[in-house]
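J.: Here's a structure for you.
The values are calculated or read from the model by the stated rules, or taken from the named source; none is laboratory data. Since the model is a prediction, treat every value here as computed from it, not as a measurement. Counting neighbours? That spans all protein chains shown, and the Cβs are built from the backbone with ideal geometry, glycine included. Note: accessible area is taken over every heavy atom of the protein model, side chains too, but ligands, DNA and RNA are not part of it. Shrake-Rupley method; radii C 1.70, N 1.55, O 1.52, S 1.80 Å.
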Amino acid sequence: MRVTRFHDFAASVVQRFRIGRLVLAPPLLVRPVHLDDVADHLLAVAAAEPAGDAAELGGPRDEELPDLVRRYAA
């Protein structure tokens, strides 16, 4: 099952790429998905009959990583 980045990806970026008050967040387009949605999707896939590759799962909209990092930091 392929899944896009999780909502907590912004927190990981802040923790790993902080230099003082500066956070290095590349101009990356992401479509974050909530972990609860991933768990629900995984349970549905596990309960279903075998059918080849599982459907991909992504968040509801595109987000710019620097914007996510700013909102997280605020």
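J.: Please give, to one decimal in nm, the separation of the simple spin-label points placed at Arg31 and Phe17, each 7 Å out from Cα toward the Cβ.
T.: Distance between the two pseudo-spin positions: 2.1 nm.
J.: Which log10 I(q)/I(0) values, to two decimals, does the chain give at q = 0.13, 0.19, 0.22 Å⁻¹ under the Debye formula with one point per Cα?
T.: -0.46, -0.78, -0.92
J.: Ok, one more. Filter the chymotrypsin sites (Phe, Trp or Tyr not before Pro) in the stretch 1-37 to those in DSSP coil with at most 15 other Cβ atoms within 10 Å of their Cβ, and list the result.
T.: Passing sites in the stretch 1-37 are Phe17.
J.: Shifting gears a bit: Using 1/(1 + (r/R0)^6) with R0 = 25 angstrom and r between the beta carbons of Glu49 and Arg71, what's the FRET efficiency to the nearest 0.05?
T.: Efficiency, from the Cβ-Cβ distance: 0.05.
J.: Something else: May I ask you to rank Glu56, Glu49 by accessible area, largest first, using a 1.4 Å probe over the protein chains only?
T.: Of Glu56, Glu49, the descending order of accessible area is Glu49, Glu56.
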